[in-house]
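The values are calculated or read from the model by the stated rules, or taken from the named source; none is laboratory data. Predicted model only: the values in this text are computed from it and were never measured. FYI the Cβ positions are ideal-geometry reconstructions off the backbone, even for glycines, and counts take in every protein chain you see. Areas reflect the complete protein model, heavy atoms only, side chains present, ligands, DNA and RNA absent. Shrake-Rupley method; radii C 1.70, N 1.55, O 1.52, S 1.80 Å.
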Amino acid sequence: MDVSGGRGQPRPGNDESAEHTGPEAQAPGGTGDGPTTPSAPTPADGTDARPEGHTPGPGAPPPERGTPQDAGAAPDDAPAPGQDRHRTPAHTEPVAADRPARPSQAPAGRPEHPDHPFAHSGSGKGQPPQRPEERKRGGLLMGRPFGVPVYVAPSWFLVAILITWVFGGQIDRVLPELGAVSYLVSLFFAVAFYASVLVHELAHTLAALRFKLPVRRIQLQFFGGVSEIEKEAETPGREFVLAFVGPLLSLVLAGLFYLGLLAVDPGSVPGVLLAGLMVSNLIVAAFNLLPGLPLDGGRMLRAVVWAITGKPMTGTVVAAWVGRALAVCVLIGLPLLTQSGALGSDAVDNVGMDTVLDALLAAILAAIIWTGAGNSLRMARLREHLPELRARTLTRRAVPVESDTPLSEGLRRANAAGARALVVVDADGVPVSLVREAAIVGVPEHRRPWVPVGTLAQDITEGMRVSAELAGEELLDALRATPATEYLVVEETGEIYGVLSAADVERAFVKAMARPS
(Lines give C-alpha, C1' and ligand atoms only; values in the text may rest on other atoms or scores of the structure.)
Protein backbone atom coordinates (compact mmCIF):
# COMPACT_ATOMS: atom_id res chain seq x y z
CA MET A 1 0.00 0.00 0.00
CA ASP A 2 1.08 3.54 -0.64
CA VAL A 3 1.58 5.49 2.56
CA SER A 4 1.73 9.17 1.67
CA GLY A 5 3.61 11.82 3.52
CA GLY A 6 2.23 15.16 4.56
CA ARG A 7 0.96 17.89 2.26
CA GLY A 8 -0.12 15.54 -0.47
CA GLN A 9 3.29 14.20 -1.50
CA PRO A 10 2.71 10.48 -2.06
CA ARG A 11 5.57 8.06 -1.83
CA PRO A 12 5.85 5.34 -4.49
CA GLY A 13 3.81 2.26 -3.75
CA ASN A 14 3.17 -1.19 -5.10
CA ASP A 15 -0.49 -0.85 -6.01
CA GLU A 16 -1.31 -2.64 -9.20
CA SER A 17 -3.50 0.22 -10.35
CA ALA A 18 -0.33 2.14 -11.21
CA GLU A 19 0.00 -0.10 -14.23
CA HIS A 20 -3.18 1.25 -15.71
CA THR A 21 -4.62 4.50 -16.85
CA GLY A 22 -4.15 7.36 -14.46
CA PRO A 23 -6.63 10.08 -13.71
CA GLU A 24 -5.09 12.47 -16.22
CA ALA A 25 -6.45 10.25 -19.00
CA GLN A 26 -10.01 11.17 -18.14
CA ALA A 27 -12.06 12.80 -20.83
CA PRO A 28 -15.23 14.76 -19.99
CA GLY A 29 -18.58 13.10 -20.37
CA GLY A 30 -19.77 9.64 -19.62
CA THR A 31 -22.68 7.33 -19.41
CA GLY A 32 -26.18 8.12 -18.32
CA ASP A 33 -27.53 7.00 -14.99
CA GLY A 34 -29.86 4.06 -14.66
CA PRO A 35 -31.36 1.74 -12.10
CA THR A 36 -29.01 0.73 -9.37
CA THR A 37 -30.81 -2.30 -8.04
CA PRO A 38 -29.39 -5.81 -8.36
CA SER A 39 -31.99 -6.56 -11.00
CA ALA A 40 -30.52 -4.07 -13.46
CA PRO A 41 -27.26 -2.58 -12.19
CA THR A 42 -25.78 0.34 -14.05
CA PRO A 43 -22.36 1.25 -12.66
CA ALA A 44 -21.42 4.88 -12.41
CA ASP A 45 -17.89 4.01 -13.42
CA GLY A 46 -18.43 2.15 -16.65
CA THR A 47 -14.93 2.21 -18.16
CA ASP A 48 -12.88 -0.40 -19.91
CA ALA A 49 -9.50 -1.79 -19.05
CA ARG A 50 -6.37 -0.38 -20.62
CA PRO A 51 -3.54 -2.72 -21.61
CA GLU A 52 -1.15 -3.32 -18.77
CA GLY A 53 1.56 -0.74 -18.44
CA HIS A 54 -0.24 1.78 -20.65
CA THR A 55 -0.62 5.26 -19.18
CA PRO A 56 -1.86 7.71 -21.84
CA GLY A 57 -1.31 11.40 -21.49
CA PRO A 58 -3.83 14.16 -20.92
CA GLY A 59 -4.96 14.18 -24.53
CA ALA A 60 -5.85 10.49 -24.69
CA PRO A 61 -9.32 9.73 -26.06
CA PRO A 62 -11.93 8.04 -23.88
CA PRO A 63 -12.20 4.26 -24.19
CA GLU A 64 -14.74 2.40 -26.24
CA ARG A 65 -17.88 1.35 -24.40
CA GLY A 66 -19.29 -2.14 -24.33
CA THR A 67 -16.07 -4.13 -24.43
CA PRO A 68 -15.65 -7.38 -22.53
CA GLN A 69 -13.59 -5.60 -19.90
CA ASP A 70 -16.59 -3.53 -18.86
CA ALA A 71 -17.13 -5.54 -15.73
CA GLY A 72 -20.05 -3.41 -14.60
CA ALA A 73 -22.16 -3.78 -17.72
CA ALA A 74 -25.84 -4.29 -17.12
CA PRO A 75 -27.30 -7.68 -17.99
CA ASP A 76 -29.44 -8.26 -21.05
CA ASP A 77 -32.41 -9.15 -18.90
CA ALA A 78 -32.91 -8.96 -15.19
CA PRO A 79 -36.40 -9.96 -14.17
CA ALA A 80 -37.76 -8.59 -10.94
CA PRO A 81 -37.87 -8.92 -8.10
CA GLY A 82 -34.27 -8.74 -7.13
CA GLN A 83 -31.09 -10.49 -8.01
CA ASP A 84 -31.37 -12.30 -11.31
CA ARG A 85 -29.51 -13.35 -14.40
CA HIS A 86 -26.38 -11.48 -15.43
CA ARG A 87 -23.63 -12.00 -17.85
CA THR A 88 -20.63 -13.48 -16.07
CA PRO A 89 -17.71 -11.04 -15.96
CA ALA A 90 -14.27 -12.03 -14.85
CA HIS A 91 -14.02 -12.29 -11.10
CA THR A 92 -11.56 -10.00 -9.35
CA GLU A 93 -9.88 -11.68 -6.43
CA PRO A 94 -9.64 -9.60 -3.25
CA VAL A 95 -6.35 -7.83 -2.66
CA ALA A 96 -4.71 -8.18 0.72
CA ALA A 97 -4.58 -5.01 2.78
CA ASP A 98 -1.32 -3.55 4.03
CA ARG A 99 -0.74 -1.41 7.08
CA PRO A 100 -2.97 1.71 6.97
CA ALA A 101 -1.70 5.24 7.16
CA ARG A 102 -1.84 7.28 10.36
CA PRO A 103 -4.67 9.82 10.58
CA SER A 104 -2.26 12.66 10.04
CA GLN A 105 -1.04 11.07 6.84
CA ALA A 106 -2.74 10.72 3.51
CA PRO A 107 -5.60 8.27 3.31
CA ALA A 108 -4.48 5.20 1.48
CA GLY A 109 -6.41 2.29 0.13
CA ARG A 110 -6.13 -0.59 -2.26
CA PRO A 111 -8.42 -0.75 -5.27
CA GLU A 112 -10.34 -3.89 -6.07
CA HIS A 113 -10.84 -2.99 -9.72
CA PRO A 114 -7.60 -1.84 -11.37
CA ASP A 115 -9.31 -2.08 -14.75
CA HIS A 116 -11.50 0.91 -13.91
CA PRO A 117 -9.30 4.02 -13.66
CA PHE A 118 -10.03 6.84 -11.26
CA ALA A 119 -12.42 9.54 -12.42
CA HIS A 120 -13.57 7.70 -15.53
CA SER A 121 -17.15 7.87 -14.42
CA GLY A 122 -20.38 8.63 -16.16
CA SER A 123 -23.07 10.30 -14.13
CA GLY A 124 -21.35 9.36 -10.90
CA LYS A 125 -24.66 8.30 -9.42
CA GLY A 126 -23.61 4.81 -8.45
CA GLN A 127 -25.42 3.69 -5.31
CA PRO A 128 -25.06 0.59 -3.15
CA PRO A 129 -27.17 -2.30 -4.39
CA GLN A 130 -30.70 -2.28 -3.06
CA ARG A 131 -32.62 -5.19 -1.66
CA PRO A 132 -35.58 -6.00 -3.85
CA GLU A 133 -38.07 -5.17 -1.11
CA GLU A 134 -36.65 -1.65 -0.92
CA ARG A 135 -37.78 -0.91 -4.45
CA LYS A 136 -41.48 -1.33 -3.80
CA ARG A 137 -44.01 0.37 -1.59
CA GLY A 138 -46.31 -1.53 0.68
CA GLY A 139 -49.61 0.14 -0.19
CA LEU A 140 -51.98 1.49 2.47
CA LEU A 141 -50.45 1.61 5.95
CA MET A 142 -52.90 0.13 8.47
CA GLY A 143 -50.84 0.23 11.67
CA ARG A 144 -47.64 -0.82 13.41
CA PRO A 145 -48.27 -3.74 15.77
CA PHE A 146 -45.10 -4.55 17.73
CA GLY A 147 -43.41 -1.76 15.77
CA VAL A 148 -43.78 -3.55 12.43
CA PRO A 149 -45.73 -1.67 9.72
CA VAL A 150 -48.70 -3.49 8.22
CA TYR A 151 -49.64 -2.58 4.65
CA VAL A 152 -52.64 -3.52 2.56
CA ALA A 153 -51.69 -3.87 -1.10
CA PRO A 154 -54.07 -2.52 -3.76
CA SER A 155 -54.62 -6.10 -4.96
CA TRP A 156 -56.38 -6.86 -1.64
CA PHE A 157 -59.33 -4.70 -2.63
CA LEU A 158 -59.72 -6.77 -5.78
CA VAL A 159 -59.80 -10.04 -3.85
CA ALA A 160 -62.15 -8.49 -1.25
CA ILE A 161 -64.62 -7.70 -4.05
CA LEU A 162 -64.23 -11.24 -5.40
CA ILE A 163 -64.83 -12.82 -1.97
CA THR A 164 -67.82 -10.57 -1.37
CA TRP A 165 -69.35 -11.59 -4.69
CA VAL A 166 -68.73 -15.35 -4.36
CA PHE A 167 -69.50 -15.74 -0.65
CA GLY A 168 -72.44 -13.37 -0.90
CA GLY A 169 -74.09 -15.67 -3.43
CA GLN A 170 -73.58 -18.63 -1.10
CA ILE A 171 -75.10 -16.76 1.86
CA ASP A 172 -78.03 -15.74 -0.30
CA ARG A 173 -78.74 -19.42 -1.02
CA VAL A 174 -78.48 -20.41 2.68
CA LEU A 175 -80.28 -17.33 4.07
CA PRO A 176 -82.47 -16.00 1.24
CA GLU A 177 -84.38 -13.76 3.64
CA LEU A 178 -81.34 -11.47 3.94
CA GLY A 179 -81.59 -10.27 0.35
CA ALA A 180 -78.96 -7.67 -0.54
CA VAL A 181 -77.74 -7.66 3.07
CA SER A 182 -76.04 -10.99 2.32
CA TYR A 183 -73.35 -9.13 0.39
CA LEU A 184 -72.74 -6.83 3.33
CA VAL A 185 -72.29 -9.92 5.52
CA SER A 186 -69.96 -11.34 2.88
CA LEU A 187 -67.87 -8.17 2.94
CA PHE A 188 -67.57 -8.53 6.71
CA PHE A 189 -66.40 -12.11 6.14
CA ALA A 190 -63.72 -10.91 3.69
CA VAL A 191 -62.38 -8.44 6.27
CA ALA A 192 -62.52 -11.06 9.07
CA PHE A 193 -60.75 -13.62 6.90
CA TYR A 194 -57.85 -11.25 6.18
CA ALA A 195 -57.73 -10.38 9.86
CA SER A 196 -57.07 -14.09 10.39
CA VAL A 197 -54.33 -13.92 7.74
CA LEU A 198 -52.84 -10.96 9.62
CA VAL A 199 -52.79 -13.01 12.83
CA HIS A 200 -51.02 -15.79 10.89
CA GLU A 201 -48.35 -13.31 9.75
CA LEU A 202 -48.04 -11.77 13.21
CA ALA A 203 -47.14 -15.23 14.49
CA HIS A 204 -44.18 -15.28 12.08
CA THR A 205 -43.29 -11.73 13.09
CA LEU A 206 -43.32 -12.41 16.82
CA ALA A 207 -41.19 -15.51 16.34
CA ALA A 208 -38.71 -13.52 14.25
CA LEU A 209 -38.52 -10.75 16.84
CA ARG A 210 -38.06 -13.39 19.53
CA PHE A 211 -35.03 -14.66 17.60
CA LYS A 212 -33.80 -11.06 17.15
CA LEU A 213 -34.45 -11.07 13.40
CA PRO A 214 -35.59 -7.66 12.10
CA VAL A 215 -38.94 -7.60 10.28
CA ARG A 216 -39.26 -4.95 7.60
CA ARG A 217 -43.05 -5.09 7.21
CA ILE A 218 -46.17 -7.23 6.83
CA GLN A 219 -48.13 -6.95 3.61
CA LEU A 220 -51.64 -8.25 2.96
CA GLN A 221 -52.10 -8.88 -0.73
CA PHE A 222 -54.06 -10.84 -3.33
CA PHE A 223 -53.40 -14.37 -2.07
CA GLY A 224 -52.79 -13.92 1.63
CA GLY A 225 -49.96 -12.12 3.39
CA VAL A 226 -46.19 -11.83 3.54
CA SER A 227 -43.92 -11.17 6.51
CA GLU A 228 -40.69 -9.64 5.19
CA ILE A 229 -37.95 -10.80 7.55
CA GLU A 230 -34.65 -9.15 6.73
CA LYS A 231 -32.26 -11.83 7.95
CA GLU A 232 -32.07 -15.58 7.85
CA ALA A 233 -32.49 -17.74 10.94
CA GLU A 234 -29.15 -18.81 12.37
CA THR A 235 -30.06 -22.47 12.88
CA PRO A 236 -32.35 -24.97 11.13
CA GLY A 237 -34.28 -25.40 14.37
CA ARG A 238 -35.14 -21.71 14.49
CA GLU A 239 -36.00 -21.76 10.80
CA PHE A 240 -38.44 -24.64 11.41
CA VAL A 241 -40.10 -22.88 14.34
CA LEU A 242 -40.28 -19.61 12.44
CA ALA A 243 -42.12 -21.31 9.58
CA PHE A 244 -44.35 -23.57 11.65
CA VAL A 245 -45.89 -20.96 13.97
CA GLY A 246 -47.96 -19.45 11.14
CA PRO A 247 -49.89 -22.59 10.12
CA LEU A 248 -50.10 -23.56 13.80
CA LEU A 249 -51.89 -20.33 14.67
CA SER A 250 -54.23 -20.75 11.69
CA LEU A 251 -55.16 -24.18 13.09
CA VAL A 252 -55.72 -22.63 16.51
CA LEU A 253 -58.02 -20.01 14.97
CA ALA A 254 -59.95 -22.73 13.14
CA GLY A 255 -60.43 -24.51 16.47
CA LEU A 256 -61.65 -21.33 18.16
CA PHE A 257 -64.14 -20.66 15.37
CA TYR A 258 -65.36 -24.26 15.67
CA LEU A 259 -65.96 -23.78 19.42
CA GLY A 260 -67.83 -20.59 18.64
CA LEU A 261 -69.93 -22.42 16.07
CA LEU A 262 -71.06 -24.88 18.74
CA ALA A 263 -72.58 -22.03 20.73
CA VAL A 264 -74.73 -20.52 17.95
CA ASP A 265 -77.37 -21.63 15.48
CA PRO A 266 -75.58 -22.93 12.34
CA GLY A 267 -78.39 -21.48 10.21
CA SER A 268 -77.95 -17.95 11.54
CA VAL A 269 -75.70 -15.20 10.24
CA PRO A 270 -73.12 -15.73 13.05
CA GLY A 271 -73.20 -19.47 12.37
CA VAL A 272 -72.54 -19.00 8.65
CA LEU A 273 -69.70 -16.54 9.36
CA LEU A 274 -68.06 -18.77 11.96
CA ALA A 275 -68.31 -21.83 9.70
CA GLY A 276 -66.78 -19.90 6.82
CA LEU A 277 -63.93 -18.60 8.96
CA MET A 278 -63.28 -22.06 10.38
CA VAL A 279 -63.07 -23.66 6.93
CA SER A 280 -60.98 -20.82 5.47
CA ASN A 281 -58.40 -21.02 8.27
CA LEU A 282 -58.18 -24.79 7.83
CA ILE A 283 -57.52 -24.23 4.13
CA VAL A 284 -54.88 -21.58 4.91
CA ALA A 285 -53.12 -23.93 7.35
CA ALA A 286 -53.26 -26.93 5.00
CA PHE A 287 -52.10 -24.94 1.98
CA ASN A 288 -49.19 -23.38 3.85
CA LEU A 289 -48.07 -26.76 5.15
CA LEU A 290 -47.45 -28.02 1.61
CA PRO A 291 -43.71 -28.84 1.45
CA GLY A 292 -42.49 -26.41 -1.18
CA LEU A 293 -41.07 -22.90 -1.17
CA PRO A 294 -42.27 -20.18 -0.82
CA LEU A 295 -44.89 -21.75 1.47
CA ASP A 296 -44.29 -22.29 5.17
CA GLY A 297 -44.12 -26.04 4.59
CA GLY A 298 -41.31 -25.40 2.11
CA ARG A 299 -39.36 -23.50 4.75
CA MET A 300 -39.92 -26.37 7.15
CA LEU A 301 -38.61 -28.80 4.52
CA ARG A 302 -35.64 -26.51 3.96
CA ALA A 303 -34.90 -26.56 7.69
CA VAL A 304 -35.03 -30.36 7.77
CA VAL A 305 -32.66 -30.72 4.78
CA TRP A 306 -30.42 -28.03 6.27
CA ALA A 307 -30.25 -29.96 9.57
CA ILE A 308 -29.42 -33.21 7.76
CA THR A 309 -26.81 -31.86 5.33
CA GLY A 310 -25.50 -28.94 7.34
CA LYS A 311 -25.88 -26.74 4.24
CA PRO A 312 -28.67 -24.12 4.13
CA MET A 313 -28.20 -23.65 0.38
CA THR A 314 -28.88 -27.37 -0.20
CA GLY A 315 -32.08 -27.08 1.81
CA THR A 316 -33.16 -24.08 -0.27
CA VAL A 317 -32.49 -25.87 -3.57
CA VAL A 318 -34.44 -28.96 -2.52
CA ALA A 319 -37.41 -26.98 -1.14
CA ALA A 320 -37.48 -24.66 -4.16
CA TRP A 321 -37.60 -27.52 -6.67
CA VAL A 322 -40.28 -29.25 -4.64
CA GLY A 323 -42.14 -25.94 -4.77
CA ARG A 324 -41.87 -25.85 -8.55
CA ALA A 325 -43.16 -29.42 -8.77
CA LEU A 326 -45.99 -28.38 -6.47
CA ALA A 327 -46.82 -25.49 -8.80
CA VAL A 328 -47.17 -27.91 -11.73
CA CYS A 329 -49.41 -30.17 -9.62
CA VAL A 330 -51.64 -27.22 -8.70
CA LEU A 331 -51.84 -26.09 -12.32
CA ILE A 332 -52.96 -29.51 -13.54
CA GLY A 333 -54.52 -31.13 -10.50
CA LEU A 334 -56.75 -28.39 -9.08
CA PRO A 335 -59.02 -28.06 -12.14
CA LEU A 336 -59.23 -31.88 -12.43
CA LEU A 337 -60.20 -32.25 -8.77
CA THR A 338 -62.81 -29.52 -9.05
CA GLN A 339 -64.29 -30.93 -12.23
CA SER A 340 -64.43 -34.46 -10.78
CA GLY A 341 -66.31 -33.30 -7.70
CA ALA A 342 -63.60 -34.51 -5.31
CA LEU A 343 -63.59 -31.15 -3.51
CA GLY A 344 -67.25 -31.39 -2.52
CA SER A 345 -68.96 -29.88 -5.55
CA ASP A 346 -70.91 -31.74 -8.21
CA ALA A 347 -68.95 -33.33 -11.03
CA VAL A 348 -68.93 -31.30 -14.25
CA ASP A 349 -69.14 -33.10 -17.60
CA ASN A 350 -68.89 -30.07 -19.86
CA VAL A 351 -66.68 -27.00 -19.89
CA GLY A 352 -68.48 -23.99 -18.47
CA MET A 353 -67.68 -20.68 -16.80
CA ASP A 354 -66.96 -22.38 -13.46
CA THR A 355 -64.42 -24.65 -15.11
CA VAL A 356 -62.70 -21.67 -16.74
CA LEU A 357 -62.58 -19.82 -13.42
CA ASP A 358 -61.13 -22.88 -11.69
CA ALA A 359 -58.43 -23.15 -14.35
CA LEU A 360 -57.66 -19.43 -14.03
CA LEU A 361 -57.40 -19.71 -10.24
CA ALA A 362 -55.10 -22.73 -10.57
CA ALA A 363 -52.89 -20.86 -13.04
CA ILE A 364 -52.58 -17.86 -10.72
CA LEU A 365 -51.73 -20.04 -7.73
CA ALA A 366 -49.22 -22.06 -9.75
CA ALA A 367 -47.57 -18.88 -11.03
CA ILE A 368 -47.28 -17.49 -7.50
CA ILE A 369 -45.71 -20.68 -6.18
CA TRP A 370 -43.33 -21.08 -9.15
CA THR A 371 -42.19 -17.46 -9.00
CA GLY A 372 -41.80 -17.58 -5.23
CA ALA A 373 -39.65 -20.71 -5.47
CA GLY A 374 -37.39 -19.02 -8.02
CA ASN A 375 -37.11 -15.89 -5.89
CA SER A 376 -36.19 -18.02 -2.88
CA LEU A 377 -33.32 -19.54 -4.87
CA ARG A 378 -32.10 -16.11 -5.95
CA MET A 379 -32.32 -14.69 -2.45
CA ALA A 380 -30.38 -17.67 -1.10
CA ARG A 381 -27.68 -17.09 -3.70
CA LEU A 382 -27.58 -13.41 -2.77
CA ARG A 383 -27.09 -14.22 0.92
CA GLU A 384 -24.44 -16.77 0.01
CA HIS A 385 -22.38 -14.25 -1.95
CA LEU A 386 -22.93 -11.14 0.17
CA PRO A 387 -19.94 -11.88 2.43
CA GLU A 388 -17.73 -11.39 -0.64
CA LEU A 389 -18.46 -7.65 -0.43
CA ARG A 390 -15.79 -6.37 1.95
CA ALA A 391 -14.99 -2.72 2.47
CA ARG A 392 -11.31 -3.49 2.96
CA THR A 393 -10.84 -5.14 -0.44
CA LEU A 394 -13.06 -2.67 -2.33
CA THR A 395 -11.34 0.46 -1.02
CA ARG A 396 -9.48 2.68 -3.47
CA ARG A 397 -6.04 4.12 -2.86
CA ALA A 398 -6.21 7.88 -2.37
CA VAL A 399 -3.82 10.83 -2.17
CA PRO A 400 -4.30 13.95 -0.01
CA VAL A 401 -4.58 17.40 -1.51
CA GLU A 402 -5.27 20.78 0.02
CA SER A 403 -8.42 22.64 -0.93
CA ASP A 404 -6.69 25.18 -3.19
CA THR A 405 -4.71 22.58 -5.15
CA PRO A 406 -5.48 22.80 -8.91
CA LEU A 407 -7.40 19.82 -10.21
CA SER A 408 -4.74 19.07 -12.82
CA GLU A 409 -2.06 18.91 -10.11
CA GLY A 410 -4.22 16.66 -7.92
CA LEU A 411 -4.82 14.30 -10.81
CA ARG A 412 -1.13 14.29 -11.65
CA ARG A 413 -0.26 13.25 -8.09
CA ALA A 414 -2.90 10.55 -8.10
CA ASN A 415 -1.69 9.28 -11.46
CA ALA A 416 1.91 9.15 -10.26
CA ALA A 417 0.91 7.16 -7.17
CA GLY A 418 -1.44 4.84 -9.02
CA ALA A 419 -4.28 6.17 -6.87
CA ARG A 420 -7.91 6.49 -7.87
CA ALA A 421 -9.28 8.97 -5.33
CA LEU A 422 -8.53 12.44 -4.00
CA VAL A 423 -9.12 13.50 -0.41
CA VAL A 424 -9.11 17.16 0.62
CA VAL A 425 -7.22 17.68 3.89
CA ASP A 426 -6.84 20.67 6.19
CA ALA A 427 -3.58 22.24 7.36
CA ASP A 428 -3.09 19.42 9.88
CA GLY A 429 -3.58 16.71 7.26
CA VAL A 430 -7.01 15.72 8.57
CA PRO A 431 -9.46 14.70 5.79
CA VAL A 432 -12.39 17.11 5.51
CA SER A 433 -13.97 16.27 2.15
CA LEU A 434 -13.88 13.85 -0.79
CA VAL A 435 -13.46 14.94 -4.41
CA ARG A 436 -16.41 13.58 -6.38
CA GLU A 437 -15.69 11.64 -9.56
CA ALA A 438 -18.79 13.03 -11.27
CA ALA A 439 -17.58 16.58 -10.64
CA ILE A 440 -14.16 15.79 -12.16
CA VAL A 441 -15.83 14.37 -15.25
CA GLY A 442 -17.70 17.63 -15.76
CA VAL A 443 -14.54 19.77 -15.85
CA PRO A 444 -13.02 20.10 -19.36
CA GLU A 445 -9.34 19.19 -19.44
CA HIS A 446 -8.21 22.65 -20.51
CA ARG A 447 -9.85 24.20 -17.41
CA ARG A 448 -8.43 21.79 -14.86
CA PRO A 449 -5.30 23.87 -14.06
CA TRP A 450 -7.59 26.72 -12.90
CA VAL A 451 -10.18 24.71 -10.91
CA PRO A 452 -9.37 24.11 -7.20
CA VAL A 453 -10.20 20.62 -5.99
CA GLY A 454 -12.07 22.07 -3.04
CA THR A 455 -14.84 23.28 -5.35
CA LEU A 456 -15.45 19.70 -6.49
CA ALA A 457 -15.45 18.07 -3.07
CA GLN A 458 -18.23 16.88 -0.77
CA ASP A 459 -17.86 17.42 2.97
CA ILE A 460 -17.32 14.24 4.94
CA THR A 461 -20.28 13.68 7.25
CA GLU A 462 -20.34 11.13 10.05
CA GLY A 463 -22.34 8.69 7.91
CA MET A 464 -19.71 8.89 5.18
CA ARG A 465 -17.08 7.34 7.46
CA VAL A 466 -17.32 3.56 7.25
CA SER A 467 -15.28 0.90 8.98
CA ALA A 468 -12.81 -1.12 6.95
CA GLU A 469 -14.11 -4.23 8.72
CA LEU A 470 -17.64 -3.95 7.31
CA ALA A 471 -18.75 -6.69 4.92
CA GLY A 472 -21.90 -8.17 3.42
CA GLU A 473 -25.25 -6.91 4.63
CA GLU A 474 -23.64 -4.69 7.28
CA LEU A 475 -21.69 -2.86 4.58
CA LEU A 476 -24.79 -2.39 2.40
CA ASP A 477 -26.81 -1.19 5.38
CA ALA A 478 -24.14 1.38 6.25
CA LEU A 479 -24.04 2.72 2.70
CA ARG A 480 -27.82 2.83 2.39
CA ALA A 481 -28.08 4.77 5.66
CA THR A 482 -26.13 7.66 4.11
CA PRO A 483 -26.45 7.66 0.30
CA ALA A 484 -23.33 9.05 -1.36
CA THR A 485 -21.02 8.29 -4.24
CA GLU A 486 -17.82 8.06 -2.15
CA TYR A 487 -17.09 7.15 1.47
CA LEU A 488 -14.05 7.55 3.70
CA VAL A 489 -12.91 4.15 4.99
CA VAL A 490 -11.33 4.08 8.44
CA GLU A 491 -9.83 1.44 10.69
CA GLU A 492 -11.33 0.60 14.09
CA THR A 493 -8.53 2.65 15.65
CA GLY A 494 -9.59 5.72 13.64
CA GLU A 495 -6.73 5.49 11.15
CA ILE A 496 -7.57 6.36 7.57
CA TYR A 497 -7.60 3.45 5.16
CA GLY A 498 -8.86 4.88 1.85
CA VAL A 499 -11.93 5.81 -0.19
CA LEU A 500 -14.80 3.50 -1.08
CA SER A 501 -16.82 4.18 -4.22
CA ALA A 502 -20.46 3.10 -4.32
CA ALA A 503 -19.93 2.21 -7.98
CA ASP A 504 -17.20 -0.27 -7.00
CA VAL A 505 -19.52 -1.88 -4.45
CA GLU A 506 -22.25 -2.19 -7.04
CA ARG A 507 -19.91 -3.68 -9.61
CA ALA A 508 -18.59 -6.21 -7.08
CA PHE A 509 -22.18 -7.07 -6.18
CA VAL A 510 -22.97 -7.84 -9.81
CA LYS A 511 -19.86 -10.01 -10.14
CA ALA A 512 -20.68 -11.93 -6.98
CA MET A 513 -24.26 -12.57 -8.07
CA ALA A 514 -23.10 -13.75 -11.50
CA ARG A 515 -20.87 -16.44 -10.01
CA PRO A 516 -22.44 -19.90 -9.70
CA SER A 517 -23.32 -21.09 -6.21
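Per-structure values
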read-out: Carbon + sulfur, % of accessible area of segment 255-402 - ligands and nucleic acids excluded, 1.4 Å; value: 73
read-out: Segment 205-363 shape via C-alpha gyration tensor axes, a/c threshold 1.5; value: oblate
read-out: Percent RCO, i.e. relative contact order, over segment 448-517, from Cα pairs under 8 Å lying at least 6 residues apart; value: 25
read-out: Mean-position separation - Cα centroids, segment 487-506 and segment 214-275, in angstrom; value: 46
read-out: Three-way shape label, segment 182-222, alpha-carbon gyration tensor, a/c 1.5; value: prolate
read-out: Cβ-derived FRET efficiency at R0 45 Å, Glu462 paired with Arg515, nearest 0.05; value: 0.85
read-out: Portion, in percent, of the accessible area of segment 414-517 that falls on carbon or sulfur, probe 1.4 Å; value: 52
read-out: Net lengthening on full extension, Val432/Ser155 (0.36 nm per residue, minus Cα-Cα); value: 94.8 nm
read-out: Overall form of segment 207-289 per C-alpha gyration tensor (a/c, 1.5; a/b vs b/c); value: prolate
